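Engineer: I'd like to ask some things about the structure below.
The values are calculated or read from the model by the stated rules, or taken from the named source; none is laboratory data. Keep in mind the model is a prediction, meaning the values are calculated, not measured. Please note: Cβ atoms are built from the backbone with ideal geometry, for glycine as well, and neighbour counts cover all protein chains shown. Quick note on the areas: whole protein, heavy atoms, side chains included, nothing else; ligands and nucleic acids left out. Shrake-Rupley method; radii C 1.70, N 1.55, O 1.52, S 1.80 Å.
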Amino acid sequence: MAGVTASALTTEGRPAPSAAKGPRPTGPAGGVLAGLARIRWGRGTVLLVAGLYFLVPIATTLWFTVDNSPQGFSLDAYRQIFTVPGLWPALQLSLLLAAGTIVLVYLLLIPAVVAVRLGSQKLRTVVELTCTLPLVVPTIALTAGISDVLRWCNDNLAPTPFYATFLYAQNANFPVVLLLAYVVMALPLAYRTLDAGMRALDVRTLLEAAQNNGAGRTRAIVSVILPNLRSAMLNTAFITLALVLGEFTVASILGYVPFAVWIVNGNSAGQGPVTVAVSIVSLLLTWVLLLVLSIGSERRNRAQSTH
Amino acid sequence: MTTDPAPATTVAAVPSPAGPTDSSAAATSTAPVTDKASGATVQFVGLRRTFGATTALDGLDLTVNPGELVALLGPSGCGKTTALRMLAGFEMPDSGQVLVDGEDVTRIPAHRRDAGMVFQSYSLFPHLNARDNVAFGLKMRKTGKAERHRRADELLELVGLPTHGDRYPHQLSGGQQQRIALARALALRPRVLLLDEPLSALDAKVRENLREEIRRLQQDLGITTLFVTHDQEEALSMADRVAVMHAGRLEQCDTPAELYARPTTAFVAEFVGTMNRIDGVLAEDGKTVELLGQRLPVDGATELRGEVQVLTRPENVRVTAGGGQGAIVTGTTFLGSSTRLAIQLPDGTSVKADLSTHDAAALPAGTAVTLSLPDRPVLVDTRR
Ligand SMILES: Nc1ncnc2c1ncn2[C@@H]1O[C@H](COP(=O)(O)OP(=O)(O)OP(=O)(O)O)[C@@H](O)[C@H]1O
Ligand SMILES: [Mg+2]
């Protein structure tokens, strides 16, 4: 699942402009040609190495799923995806958690980022530091902390009315505890993408212009800032989705079985080919989704600029 | 892209003073969209505002009459924007009041104030086309879609961009964006229009066109307008009255002609137009001053005594050939119909004098000349 996360991170923006767009017009012709040849070789090598680095593991994984040793080629593993026990509940849990995380991250961060744009430098530093903190805390430490807190709650909350809430927060169908952990883990990247989107806007002036036109503060944010933040919000959602789908450590230690945990469990339980086939399918789905997103935003841009 | 239409007339540097009565008379000769509320009276009363150690407003008092265009003029940082933002509701005064038609609006939130604002930076909503930008306020007021679009198109027509409704901000030039912003500011039929240096990001030609159009629109609509600028030509050419601000206070508020001819403080005198400073000596009673071999009455009462400097405009300095005073022409600058002479007095002071180009031709550099001032009250200030 690490592949999902990586691909989401690298494709968040539009494709970077290619470095070499033909030879530079200056300099003697021979020099340019020689330079061109060198550049092409350099690029080729880099492309080859990078390609091998990404494709070989994927290719071998693919091979593993379709090679049914004694009989040869077989698509059985892919057929089993639809019948294998536990996959759908696990996927459902992961998607539910992802949706919850995305909503919570929006609710937390969008007002915060707007406030940072309007407020003082001090506030900005505080928010930035807070949001970066989860990067420095190792996931395993976070999990250990959560476990400790849960144990303490279990020992001390039992006689209090909070116990029902506490149990509900650990409900295996929708573990709020896990959701909260994911929100914390998503903060650093989500903050960065939202803040980058906000940087392109003159937030203060836009808000004031909206207020001047009769919109209250909240209404101004919803009707003027959010629409202009759409692509940043999409990026945030995507990164968060990838993070939640691929997260293993916290979920596994706390004893829940979302997607990633199911794959690993299945693998060690002898369902090897199916679980790996699921990984491949999820990778493909991720790519398709990314492609759709980038084509969609490109089309919108073109529609806006060709009026 | 369509360019901004050419100006009908050129803007005179100093127009004849047009009082509020003139503009309200013009307001009754209605154009299409002038189904309007008449402008409001705006009063700033003792406004104070400090940001940490800086004092942005230090007791500002100013009254703007209905339908009047007042230009707020002053050096950078004197509090012009802060004053405007208080009227728009984006800034709270530490003390003092903002009155609109006699009613204190200080506590009313920005979105319920009856003031349309055009910002200095481009402020159109990037995700909306020009028509929806203009119609934004109407949407907030829950006006129906058809009515909204009708009104927006009407306003686009009014600002001279009837065919640009479908364009997005990034497809419009700076001048066009500010026109749309003006249309947007007018969409809710505000009774006060606030313009914070709306032209400062535009090039000279577009500025001049837009300046005139804003003035025409403002007069047609009869809307009370505050126009912030630090370009004195802009202020003098557009405004009914010009309010000169300095360090958070009002220095003087008068018609352009009055302001230019009879500045009441040394700051205004030097900030508006060009001023000469010539050494003189005040009489014991402080009522007359002696300079250049003349004795002239002093304008207003002064606390000063003894050695002072007299402030006088280049066009008031008379120059005749011939020595005696020891003044020498050191250079000439051709300005068109007039020529500006630079003259050095024996004490080293440099004086500028504007003469008709014909007269100046007889006084090339190096000529010994005599300076005199017309026998009118003059403004005096401490020596520097
Ligand atoms: N939000 C703020 N925080 C801190 N200081 C401020 C703030 N707004 C204004 N000031 C200070 O108040 C003073 C007046 O500012 P203001 O923007 O009103 O000046 P201005 O006359 O509009 O100047 P300019 O012509 O440069 O636009 C300045 O010294 C400015 O630094
Ligand atoms: Mg300003």
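Engineer: Take the range B:49-74 and flag every residue that is within 12 Å of ligand 1 (Cβ to nearest atom) and either part of a helix (DSSP H, G or I) or under 12 Å from B:ARG249 (Cα atoms) (or both).
Structural biologist: Of everything in the range B:49-74, those that are within 12 Å of ligand 1 (Cβ to nearest atom) and either part of a helix (DSSP H, G or I) or under 12 Å from B:ARG249 (Cα atoms) (or both) turn out to be B:ARG49, B:THR55, B:ALA56, B:LEU57, B:ASP58, B:LEU60, B:LEU72, B:LEU73, B:GLY74.
Engineer: Okay, next question. State which residue pairs qualify: first residue on the phi < 0 side of the Ramachandran plot and assigned by TED's automatic domain parsing to the domain that holds B:GLY46 and inside the range B:70-91, second residue open to solvent by 30 Å² or more (accessible area, probe 1.4 Å) and small (Gly, Ala, Ser) in any location, beta carbons under 7 Å apart, and separation of 6 or more residues or different chains.
Structural biologist: B:CYS78/B:ALA247
Engineer: Of the residues A:GLY86, A:GLY100, which is within 19 Å of A:ALA251 (Cα to Cα), at pLDDT 90 or above and surrounded by 12 or more Cβ atoms within 10 Å (Cβ to Cβ)?
Structural biologist: Only one candidate passes the filter, namely A:GLY100.
Engineer: Related question: I'd like to check something: does the range B:150-173 contain any residue that is more than 14 Å from chain A (Cβ to nearest Cβ), modelled with pLDDT under 90 and either within 16 Å of ligand 2 (Cβ to nearest atom) or on the phi > 0 side of the Ramachandran plot (or both)?
Structural biologist: yes
Engineer: Let me ask you something else. Residues in the range B:332-351 that are surrounded by 14 or more Cβ atoms within 10 Å (Cβ to Cβ) and assigned to a strand (DSSP E or B): how many?
Structural biologist: Summing the residues that are surrounded by 14 or more Cβ atoms within 10 Å (Cβ to Cβ) and assigned to a strand (DSSP E or B) in the range B:332-351 gives 9.
Engineer: Same structure again: Please tell me if B:ARG85 is assigned to a helix (DSSP H, G or I) and within 16 Å of ligand 1 (Cβ to nearest atom).
Structural biologist: yes
Engineer: Can I ask one more? Every residue in the range B:224-250 that is open to solvent by 10 Å² or more (accessible area, probe 1.4 Å) and over 13 Å from B:LEU73 (Cα atoms), please.
Structural biologist: none
Engineer: Against the conditions (1) within 16 Å of ligand 2 (Cβ to nearest atom); (2) closer than 19 Å to B:GLY39 by Cβ; (3) among the aliphatic types (A, V, I, L, M), where does B:VAL244 fall short? Just the number, please.
Structural biologist: Every listed condition holds for B:VAL244 apart from (2).
Engineer: Do the conditions hold for B:ALA53, that is, is it open to solvent by 10 Å² or more (accessible area, probe 1.4 Å) and either over 25 Å from A:GLY214 (Cα atoms) or in the same structural domain as B:THR229 (by TED's automatic domain parsing) (or both)?
Structural biologist: When the stated conditions are applied, B:ALA53 passes them.
Engineer: Find all pairs meeting these conditions: Cβ atoms under 6 angstrom apart; at least six residues apart or on different chains; first residue within the range A:129-150 and open to solvent by 70 Å² or more (accessible area, probe 1.4 Å); second residue part of a helix (DSSP H, G or I).
Structural biologist: From the range A:129-150, the pairs are A:LEU135/A:PRO188.
Engineer: Can you pull out the residues in the range B:255-266 that are open to solvent by 50 Å² or more (accessible area, probe 1.4 Å) and in contact with a strand residue (DSSP E or B) (Cβ under 6 Å, 6 or more places away or on another chain)?
Structural biologist: Matches in the range B:255-266: B:THR264 only.
Engineer: Identify the residue in the range B:50-88 that is more than 14 Å from chain A (Cβ to nearest Cβ) and polar (S, T, N, Q) and, among all such residues, is farthest from ligand 2 (Cβ to nearest atom).
Structural biologist: Only one residue tops the list, namely B:ASN65.
Engineer: May I pose another question? B:GLY116 is checked against (1) part of a strand (DSSP E or B); (2) within 16 Å of ligand 2 (Cβ to nearest atom); (3) facing chain A (nearest Cβ under 10 Å) and fails just one. What number does that condition carry?
Structural biologist: (2)
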